[in-house]
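Since the structure comes first, as C-alpha cells, the remarks are kept for the end.
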Amino acid sequence: MRTDLDTPAGAPGPGATTGFDGEGPPSGHPTRRRRWPYVLVALLLLLGLLVVALVVTTDRAHQVTLGQAEQRLGPQARAVPGSRPAPGVYDYRGTGSEHLSLPPLSQSEGPTIPGTVTLDGADCFVFRVDYSSHHWETWRYCLRHGNLEEAGGKTWQLWSIGPVDVTDVADFHCRPATMAVPAPRAPGQVWSSRCTGTNTSVAGTTVSAGPYRFLGDVSVRVGTTKVEAAHFLRLRTDSGAQQGFERSQVWFDLTNGLPLRESETIEVRTATPFGTSTYTQTSSFSLVSLHVRR
C-alpha cells in the first residue's frame, strides 16, 4: 500500500498535474482560496458592533405627562394670595436635546414639559421642570428685601448605556443677592451672580458665575392672556471641577415670580480617565396655560 510518505521529495503526488513549466497548476487554472468564511466573519463582527452602538446610543427618554407630575407631587394646599405662585403643576411645552461626547449619547426633551411649584417656608418656593423622564431641574427662589433671589437648585439626569442606567445629581447654592427679579431695575442694568455646587459624578466643586442683565419689562402671551413680565439674560462661566458656559433668557411673571418662558444653551466639559467628555444642552419651554393643576 502506497502512502504520501512513499513519494520522493519534490516529486508530484498521485493525481497531481503540472503546468508547462512543471510547477503549480496548468496555465488558466489559478489557485482558488476559500475567502468567503473570512468575509462572513468580518460582516458578522461589523453587524455586532452596529447593534451594540445602536443599543448604547438609543434615546430612551420620553416626555413626562402632566398627570405623572401630579401623581409625583401629591395634593397641595391652596396658597394664601401673595407674591408667590400658587403651588401645583403648570402646563409648559417646549423642545430640546442633550448630548454627551464621551460616551456618545443623546436624548430629547418635551414636547410636554411640566413645571411644578412647591412652597418652601414663608418666603421661598421651588420651581421644578421635567424636561423628560431622564432629566429634571429645580430652582429655589426666595423673597428678600423686596427682591426675588435665586437661592440654588438641583439637577438630576439619567443616561442609559446599554443595559446599565447611570444617574447624576448636581446640587448648587447661590450667594445672597444672586438676583432673579430685582425690585428696582432699569433696562440694561447688570448684577453679578455666583453659585457653587457639587456633582455626584465629579470630584471637587464647580463655580458658576457671571453677569445677569435686565432686558426690559414686556407682555408675554400665555394662552389668550397677556401677562406682564420681566425679561433677563443670564450668562455664567463654569470653573473648577467642570468648565464651560451657560447662556439663558428667562421671563418672570411680575405678579408672583413664576417663570413664563426660558431658553438656554449649556456646554460643560468634564475630565475623565478616558479623555474629556463634553455635555451640551439646548432647551426652550413656554407656559401655555395659567391654570394650575393640584
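The values are calculated or read from the model by the stated rules, or taken from the named source; none is laboratory data. As the structure is a computational prediction, the values presented were derived from the model and not from experiment. We place every Cβ from the backbone using ideal geometry, glycine too, and count neighbours over all the protein chains shown. Side chains are part of the model used for accessible areas, which takes the heavy atoms of the whole protein and leaves out ligands, DNA and RNA. Shrake-Rupley method; radii C 1.70, N 1.55, O 1.52, S 1.80 Å.
Among residues belonging to region 104-128 that are in contact (Cβ under 8 Å) with a residue 60 or more places away in the chain and not in a strand (DSSP E or B), point out the one that is surrounded by the fewest Cβ atoms within 10 Å (Cβ to Cβ).
Taking region 104-128 first, the residues in contact (Cβ under 8 Å) with a residue 60 or more places away in the chain are 109-110, 113, 115, 117, 125, 127.
Next, from what is left, pick out any that are not in a strand (DSSP E or B): 110, 113.
On the way: Gly110: 20, Ile113: 28.
Per the criteria, the residue is Gly110.
With the requirement that a residue be part of a strand (DSSP E or B) and crowded, with 21+ Cβ neighbours inside 10 Å, what does region 129-138 give you? Full working, then the answer.
From region 129-138, those part of a strand (DSSP E or B) are 129-132, 135-138; that's our starting set.
Residues satisfying the conditions are Val129, Asp130, Tyr131, Ser132, His135, Trp136.
For region 250-294, how many residues meet the condition of being without any contact (Cβ under 8 Å) to a residue 60 or more places away in the chain and in contact with a His (Cβ under 7 Å, 6 or more places away or on another chain)?
The total comes to 1.
Could you go through region 172-189 and let me know if any residue there is without any contact (Cβ under 8 Å) to a residue 12 or more places away in the chain and surrounded by fewer than 17 Cβ atoms within 10 Å (Cβ to Cβ).
Yes.
For the list (1) more than 19 Å from Gly210 (Cβ to Cβ); (2) over 17 Å from the mean Cα position of the chain (by Cα), I need the number of the one condition that Gly197 fails.
Of the numbered conditions (1) more than 19 Å from Gly210 (Cβ to Cβ); (2) over 17 Å from the mean Cα position of the chain (by Cα), the odd one out for Gly197 is (1).
Taking Leu287 as the residue in question, decide whether it is at pLDDT 95 or above, under 22 Å from Gly110 (Cβ atoms), out of contact with any strand residue (DSSP E or B) (no Cβ under 6 Å at 6 or more places or on another chain) and not charged (D, E, K, R).
Working: at pLDDT 95 or above: yes; under 22 Å from Gly110 (Cβ atoms): yes; out of contact with any strand residue (DSSP E or B) (no Cβ under 6 Å at 6 or more places or on another chain): no; not charged (D, E, K, R): yes.
For Leu287, the condition - at pLDDT 95 or above, under 22 Å from Gly110 (Cβ atoms), out of contact with any strand residue (DSSP E or B) (no Cβ under 6 Å at 6 or more places or on another chain) and not charged (D, E, K, R) - is not met.
The conditions are (1) at positive phi; (2) small (Gly, Ala, Ser); (3) not in a strand (DSSP E or B), and Gly244 fails exactly one of them. Which is it?
With (1) at positive phi; (2) small (Gly, Ala, Ser); (3) not in a strand (DSSP E or B) applied to Gly244, the lone miss is (3).
Take region 222-240 and flag every residue that is of a type in the set (Val, Ile, Thr) and surrounded by 14 or more Cβ atoms within 10 Å (Cβ to Cβ).
Val222, Val227, listed by residue number.
Restricting attention to region 124-136, does a residue exist that is more than 22 Å from Val64 (Cβ to Cβ), more than 15 Å from the chain's Cα centre (by Cα) and of a type in the set (Val, Ile, Thr)?
No: region 124-136 contains no residue that is more than 22 Å from Val64 (Cβ to Cβ), more than 15 Å from the chain's Cα centre (by Cα) and of a type in the set (Val, Ile, Thr).
Check off (1) in contact with a Lys or Arg (Cβ under 8 Å, 6 or more places away or on another chain); (2) at positive phi; (3) of a type outside the set (Lys, Arg); (4) open to solvent by 20 Å² or more (accessible area, probe 1.4 Å) for Gly257 and give me the number that stays unchecked.
(4)
Listed residues Ser219, Ser160; which is open to solvent by less than 20 Å² (accessible area, probe 1.4 Å) and not aromatic (Phe, Trp, Tyr)?
Matching residue, one of Ser219, Ser160: Ser160.
Is it the case, given these coordinates, that Glu267 is modelled with pLDDT of 95 or more, closer than 23 Å to Gly115 by Cβ and open to solvent by 40 Å² or more (accessible area, probe 1.4 Å)?
For Glu267, the condition - modelled with pLDDT of 95 or more, closer than 23 Å to Gly115 by Cβ and open to solvent by 40 Å² or more (accessible area, probe 1.4 Å) - is not met.
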